[in-house]
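Colleague: Once you've had a glance at the structure underneath, I'll fire off some questions.
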Amino acid sequence: MSRSIKCRFLAAFFSLFTLVAIHSAHAEEVVVYSARIEQLIKPMFDAFTKETGIKVKYTTDNEGALLARLEAEGKNTPADMLITADAGNLWAAAQAGLLKPVKSDVLESNIPAHLRDPANEWFGLSIRARTLIYNTKKVKPEELSTYEDLANPKWRKRLCLRTSKKVYNQSLVAMMIAEHGEAKTEEIVKGWVANLATDPLSDDTRALEFVAAGKCDVTIVNTYYFGRLMSKDPKLPLAVFWPNQNNGGVHVNISGAGVTRYGRNEAAAIKLLEFLSSDKAQNLFADVNMEYPVNPRIAADPFVASWGEFKQNPMNLAKAGELQTTAVKLMDRAGYR
């Protein structure tokens, strides 16, 4: 072999070796954009790295900023996965072309169909139940029944609600539209507005504080807000009521994730997604925020389980995204601010 041929051969070999080394190094890291704050995700990422050796690099921000960032970065994004709360946000990411379909028998086995995208572009990882909380000194549980019944005049000046500007209530109303139609849902929301004891409040915690103080008798919140408040002061006169158990079921939403369309490490992202849905990770993912595991084989944290069992609404959460714009316009027409 001539010297020049040998040199070209060695140069090609080392170029190939370098490319393989770079690829292998990159394959050992997955990049995540997360709307869940660091304390809610780091324990799961650490467990994943310990089990697989794959490092997780993550950026946290609010969902709007992360979606805008993914859109702006396009094919140049470093992100392999998006994690965010509410199916409405995940649906919006999929509609914007930011996520890609994932075919995984593991995910299909671990996550019920109504808690994942019909096109497999996003998957629920924890359940957020949006239910009724009442003042035990002012309301008997037998007085309560459904979300719809809170429009009944018997609740006049007794209801508190979080502002309609937050996606949680937008998704609730969107799912009601899917179930009842727009006209009936608007009538219900107008009834809620007529029954308000005060202007809509800034967040779920504030609504719970108003109920506990007797400024209103009942509210609609995500249960983990109730859990946080009660863990600080167990003597508060508050209790959970699971509505719509004879029709439809409790409105649930999710914190979930999807693999980004232009991520560079799809295989590692899918491994992480499957890990987060696994028996090993589900309690970690749910318990840290007092949510419910999405994997039906996993029991809820004992404190969360103490609130009682409930039937979920089985409608696919994609409707929360599909009808969100309609829900926002409806709430505006109904005077729900």
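Colleague: What do you reckon, is VAL193 outside the structural domain of ALA87 (by TED's automatic domain parsing), among the β-branched types (Val, Ile, Thr) and under 28 Å from ASP287 (Cα atoms)?
Modeller: no
Colleague: Under 6 Å by Cβ, and 6 or more places apart or on different chains, what pairs join a residue from segment 140-157 that is more than 18 Å from GLY214 (Cβ to Cβ) with one that is among the small types (Gly, Ala, Ser)?
Modeller: ALA151/GLY191
Colleague: Does LEU159 meet the test of being under 29 Å from TYR225 (Cα atoms) and aliphatic (A, V, I, L, M)?
Modeller: yes
Colleague: If you take just the helices (runs of 4 or more DSSP H) that sit entirely in segment 265-327, which of them hold at least 2 residues that are at pLDDT below 95?
Modeller: Fully inside segment 265-327 and qualifying: 279-287.
Colleague: Still on this structure: How about segment 95-107: which of its residues are touching a residue at least 12 places away in the same chain (Cβ under 8 Å) and either of a type in the set (Val, Ile, Thr) or surrounded by fewer than 22 Cβ atoms within 10 Å (Cβ to Cβ) (or both)?
Modeller: Within segment 95-107, the first condition is being touching a residue at least 12 places away in the same chain (Cβ under 8 Å), and the residues that meet it are 95-104, 106-107.
Of everything in segment 95-107, those that are touching a residue at least 12 places away in the same chain (Cβ under 8 Å) and either of a type in the set (Val, Ile, Thr) or surrounded by fewer than 22 Cβ atoms within 10 Å (Cβ to Cβ) (or both) turn out to be GLN95, ALA96, GLY97, LYS100, PRO101, VAL102, LYS103, SER104, VAL106, LEU107.
Colleague: Exactly one of these conditions fails for ASN247: (1) surrounded by 15 or more Cβ atoms within 10 Å (Cβ to Cβ); (2) touching a residue at least 40 places away in the same chain (Cβ under 8 Å). Give me its number.
Modeller: (1)
Colleague: Can you name the residue in segment 226-252 that is under 11 Å from THR131 (Cα atoms) and not aliphatic (A, V, I, L, M) and, of all such residues, is nearest to the chain's Cα centre (by Cα)?
Modeller: The first filter runs over segment 226-252 and keeps only residues under 11 Å from THR131 (Cα atoms), leaving 226, 239-244, 249-252.
Narrowing further to those that are not aliphatic (A, V, I, L, M): 226, 241-244, 249, 251.
Values: PHE226: 17, PHE241: 21, TRP242: 19, PRO243: 20, ASN244: 21, GLY249: 18, HIS251: 13 Å.
Filtering first and then ranking leaves HIS251.
Colleague: Report whether or not ALA267 is crowded, with 20+ Cβ neighbours inside 10 Å and under 19 Å from VAL30 (Cβ atoms).
Modeller: Taking the combined requirement at face value, the residue does not satisfy it.
Colleague: OK, next. Has segment 126-142 got at least one residue that is closer than 29 Å to SER277 by Cα, surrounded by fewer than 20 Cβ atoms within 10 Å (Cβ to Cβ) and hydrophobic (A, V, I, L, M, F, W, C)?
Modeller: Among the residues of segment 126-142, not one is closer than 29 Å to SER277 by Cα, surrounded by fewer than 20 Cβ atoms within 10 Å (Cβ to Cβ) and hydrophobic (A, V, I, L, M, F, W, C), which makes the answer no.
Colleague: Let me ask something additional. Just one of LEU82, LEU70 is touching a residue at least 12 places away in the same chain (Cβ under 8 Å), aliphatic (A, V, I, L, M) and either part of a strand (DSSP E or B) or surrounded by fewer than 19 Cβ atoms within 10 Å (Cβ to Cβ) (or both); which is it?
Modeller: Details: LEU70 fails: either part of a strand (DSSP E or B) or surrounded by fewer than 19 Cβ atoms within 10 Å (Cβ to Cβ) (or both).
Unique residue meeting the criteria: LEU82.
Colleague: Let me ask something additional. Scan segment 99-124 for residues that are in a loop (DSSP other than H, G, I, E, B) and more than 17 Å from the chain's Cα centre (by Cα) and report the count. Outline the logic, then answer.
Modeller: Step one: list which residues in segment 99-124 are in a loop (DSSP other than H, G, I, E, B), which gives 100-104, 111-112, 117-122.
Adding the requirement that they be more than 17 Å from the chain's Cα centre (by Cα) leaves 100-104, 119.
Within segment 99-124, residues that are in a loop (DSSP other than H, G, I, E, B) and more than 17 Å from the chain's Cα centre (by Cα) number 6.
Colleague: Which of the residues belonging to segment 153-173 are of a type outside the set (Lys, Arg) and touching a Ser or Thr at 6+ places or on another chain (Cβ under 9 Å)?
Modeller: Listed by number, the residues that qualify are LEU159, CYS160, LEU161, THR163, ASN169, GLN170, VAL173.
Colleague: Now a separate question. Looking at (1) in contact with a helix residue (DSSP H, G or I) (Cβ under 9 Å, 6 or more places away or on another chain); (2) buried (at least 19 other Cβ atoms within 10 Å of the Cβ); (3) not β-branched (Val, Ile, Thr), which is the one condition that is false for GLU187?
Modeller: Tallying (1) in contact with a helix residue (DSSP H, G or I) (Cβ under 9 Å, 6 or more places away or on another chain); (2) buried (at least 19 other Cβ atoms within 10 Å of the Cβ); (3) not β-branched (Val, Ile, Thr), GLU187 fails exactly one: (2).
Colleague: I've got another one for you. Looking only at segment 33-63, which residues are surrounded by 13 or more Cβ atoms within 10 Å (Cβ to Cβ) and either small (Gly, Ala, Ser) or touching a Cys at 6+ places or on another chain (Cβ under 9 Å) (or both)?
Modeller: Correct list: SER34, ALA35, ALA47.
Colleague: So ASP117 clears everything in (1) farther than 24 Å from LEU66 by Cα; (2) of a type in the set (D, E, K, R); (3) in contact (Cβ under 8 Å) with a residue 40 or more places away in the chain except one condition, right? Which one?
Modeller: Evaluating ASP117 over (1) farther than 24 Å from LEU66 by Cα; (2) of a type in the set (D, E, K, R); (3) in contact (Cβ under 8 Å) with a residue 40 or more places away in the chain leaves (1) as the failure.
The values are calculated or read from the model by the stated rules, or taken from the named source; none is laboratory data. Predicted model, so just to flag it, every value in this text is computed and none were measured. Glycine also receives a Cβ, built like all others from the backbone with ideal geometry; neighbour counts cover every protein chain displayed.
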